[in-house]
Every structure is written in C-alpha cells, then in structure tokens.
Amino acid sequence: MLTGKTGNLGVMGWPIAHSLSPAMQNAALAAAGLDYVYTALPVKAEYLPAAVAGLRALGFRGWNVTIPHKQAIIDLLDEIDEDAQIIGAVNTVVQEAGRLTGYNTDVTGFLAGLVHAGFSLPGKRVVLLGAGGAAHAVLWALIKSGAARVAIGVRHPEKAEQLRQAFAARASTLGTELAVCHWQDEAFGGELQRADLLVNTTPLGMTPKIDAAPPIDWQLVAPGAFVYDIIYTPQQTKFLQEAAAAGHPTLNGEDMLVGQGAASFRLWFGQDPDTARMKAVLRAQLG
C-alpha cells in the first residue's frame, strides 16, 4: 500500500511502456519488505535535463536509464563510476544527499550469467558478435575478467575497429588481445575454431524478427564452446537453437537482465534482492 512515506524509484527511457523492470523491481521490493515503488518514467530526449532535475528535486532514491538516454545523462550527473566512464554509458543513478552518481551495472549483469552457468573467463578465448552499445559493456566485462583474447566479429569492421581502439590500452594493460574480423573472412573461421566462448550482442533474432541470426558456420565452432546470447525475447533465439543443435551449452539474456537489476538494487539499498523472485516474475511477464 502506497503512503506518504513511500519512497520512489523508476526507469527512464523513450519509449518505456515495454520495460519489464517495473514488474521485476517491484517484486524485489515487496520480497525485501521495502516501502518503495518503482515506476516507468517516459522521458523524451529534449526533456531529459528537466526530468533529471525533477527527480533530483523530488528526492528519488534512484532510477534506471535506458535507450536513448544512457550517454546523454552523463553530463547531467555529479559523478560517474569507473565502469560507466570506461563504457561511456550509465544505466543506474543513485541519489545521496542531493548528489547524483551514475553507474553501469550491465558489466555485473553479463558476468552474473556466466557465473550462474559455471563458466570461468580467465584465460579464455572469446568471439564477440557485434560492436554496438551492448558490445561496449560486454567487451569491458571480458577484459576486466581476464579473457586472454577477444575477436570482435562484425559486418562492418570499421565500426568494430573504433571499439577495439577505444579499449586497446586497457586490454593491453590487463593482458587481453583484441582483434577485429569480418564475418565472411577466413580469419573469422579461425577464431571460431579456437573459441571457448561465443557471445551475441547484436539484435539479430530479437522479437519480432525471430528468424534472423548471425551467420555462423557451426561446423567451424570449437566443440564444447559455450554460447551466450544476451537477447531474452524470445527465450531461445535462432542463434541459440542452432548452437544447441550443434551440441553447445547455451545461455540467454535472462540472467543478465536480472543480474543488472539486482546490481542496481544493491546500489540503492546496500542489500541483495531476491533474484529467484525477480527471475520468476520476469519469466511470467515474458510468458
């Protein structure tokens, strides 16, 4: 029951009506017995500065940030953490004594999926499909966790080369080799043959275009390679179906979505949420 003491959280984006975060986070709040409500906040790009100022003035404990505001909100915050700085995007804001700090929990969410699946990243060779916004967070997670080599496979190598250069110095310092390959190049086939992990960060296969998939020759992929698609709608993309048919263990994006939401919850309240409850509500919404 909402009262005058109920605290406020939310997720801002445009559009935002499709977001599953309110159902997931409100379930976590109820399970924790916290007197807060988490709502969808539809904010057009031109109103972002006013919206941020308004949430600050209204005393929101925090909020999540999604498309198209993840980059634009950075200049409106008082500070941002290291992951958000490196990735160049914020997906979580925390308010403390009127100061707004931005974080990026996509790194934690991505890694949570691998931890849950029992996959250890240090020393592994990875093929990363895509070079968009999601790829930035995933690439930093791979580098930060000690992957030995990451080959970025794409249709447009010039875009991926910009991504490689943006992370080259940090990758070198932490001991991760970076490479860029066109999907049709012979070198890409060689990367598939040596990969321990194959990650899709492209939107290919996402609802409603479920018949699409990255062009992978599954006969080339190393036996036993783990296949991770960060898409969660549908639960089994064409990419994951093909991987499973070729005998590979697979994982979809549900754990990443729950993991990044759980990380936001920890930042707001300093305690772990009921992730099992969050996942159950997520699956019910998807169903």
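Nothing in this text is a laboratory measurement; each read-out follows from the coordinates by a stated rule. If you're wondering where the values come from, they're calculated on a predicted model, not measured in any experiment. Please note: Cβ atoms are built from the backbone with ideal geometry, for glycine as well, and neighbour counts cover all protein chains shown.
In the range 27-166, Rg over Rh equals 1.02, where Rg is the alpha-carbon radius of gyration and Rh the Kirkwood radius from pairwise Cα distances.
Sort LYS209, LYS5 so that the residue with the fewest other Cβ atoms within 10 Å of its own Cβ comes first and the one with the most comes last. Can you show the working numbers first?
On the way: LYS209 11, LYS5 7.
Ranked by crowding around the Cβ, least crowded first: LYS5, LYS209.
Please figure out what share of the DSSP beta bridges in the chain is antiparallel and state it in percent, rounded to the nearest 5. Here the antiparallel bridges make up roughly 20 percent for the chain.
The calculated FRET efficiency for LYS159 paired with LEU2, based on their beta-carbon distance and R0 = 35 Å, is about 0.15.
Please give the net charge around GLU79, taking every other residue with its beta carbon less than 15 angstrom from that of GLU79, where Lys and Arg add +1 and Asp and Glu add -1. Provide the component values of the computation, followed by the final result.
Values: positive: ARG56, ARG99; negative: ASP75, ASP78, ASP81, GLU82, ASP83, GLU96.
Cβ neighbours under 15 Å give a net charge of -4.
Against the chain, whose longest principal axis is taken from its Cα atoms, helix 133-144 shows a tilt of about 70°. With angles folded into 0 to 90 degrees, how steeply does helix 275-286 sit against the dominant principal axis of the chain? Use alpha carbons for both and round to 10. Around 80 degrees separate the two axes. What residue among THR105, THR250, THR173 shows peak mean-square fluctuation when the chain is described by a Gaussian network model with Cα springs under 10 Å? Of THR105, THR250, THR173, the Gaussian network model singles out THR173 as fluctuating most. Among the chymotrypsin sites (Phe, Trp or Tyr not before Pro) found in the range 186-287, those both in a DSSP coil and sparsely packed, with 16 or fewer other Cβ atoms within 10 Å of their Cβ, are TRP218. In the chain, the DSSP-assigned H stretches of four residues or longer account for a calculated mean residue ellipticity at 222 nm of -12500 deg cm²/dmol, using -39500 (n - 2.57) per stretch and the full residue count as denominator. Counting only Cβ charges, +1 for Lys and Arg and -1 for Asp and Glu, the dipole size of the chain around its Cα centre is about 380 debye.
Ranked for footprinting exposure by Cβ neighbours inside 10 Å, fewest first, VAL126, VAL43 give VAL43, VAL126. The loop-placed GluC sites (Glu not before Pro) in the range 186-265, going by DSSP, include none that has at most 10 neighbouring Cβ atoms within 10 Å of its Cβ.
For the range 107-252, what does the alpha-carbon gyration tensor say about shape, rounded, prolate or oblate, given a ≥ b ≥ c as the root eigenvalues, a/c under 1.5 as rounded, and a/b over b/c as prolate? Don't skip to the end; give the middle numbers.
Values: a/c = 1.38, a/b = 1.27, b/c = 1.09.
Judged from the Cα gyration tensor, the range 107-252 comes out rounded (a/c under 1.5).
Where Lys and Arg each count +1 and Asp and Glu each count -1, what net charge lies around ALA50 among other residues with Cβ under 12 Å from its Cβ?
Working: positive: LYS44, ARG56; negative: GLU46.
Net charge around ALA50: +1.
Any idea what % of Cα-Cα pairs in the chain are farther than 24 Å? If you can, show how the numbers build up before the last one.
On the way: 20948 of 41041 pairs.
Roughly 51 percent, rounded to a whole number.
So what's the gap between the Cα centers of the range 62-107 and the range 197-258, to the nearest angstrom? Taking the Cα centre of each part, the range 62-107 and the range 197-258 sit 29 Å apart.
Angle check, please: helix 48-57 long axis (alpha carbons) against the longest principal axis of the chain (alpha carbons), in degrees 0 to 90, nearest 10. Computed tilt is about 50 degrees.
Have a look at ALA225, GLN236, ALA32 and report the one farthest towards the positive end of the charge dipole of the chain, computed about the Cα centre with Cβ charges (Lys/Arg +1, Asp/Glu -1). It is ALA32. Straight-distance candidates among the aspartates and glutamates for linking to LYS5, with alpha-carbon spacing under 16 Å and chain neighbours fewer than 8 residues away dropped: ASP35.
Restricting the count to DSSP beta bridges whose residues both fall in the range 36-185, what percent are antiparallel, rounded to a multiple of 5? Write out the running numbers ahead of the final one.
Values: 8 of 21 bridges.
Approximately 40 percent, going by the DSSP bridge assignments.
Highest mobility in the GNM of the chain, judged by mean-square fluctuation with C-alpha springs under 10 Å and restricted to GLY33, GLY133, GLY59, is found for GLY33.
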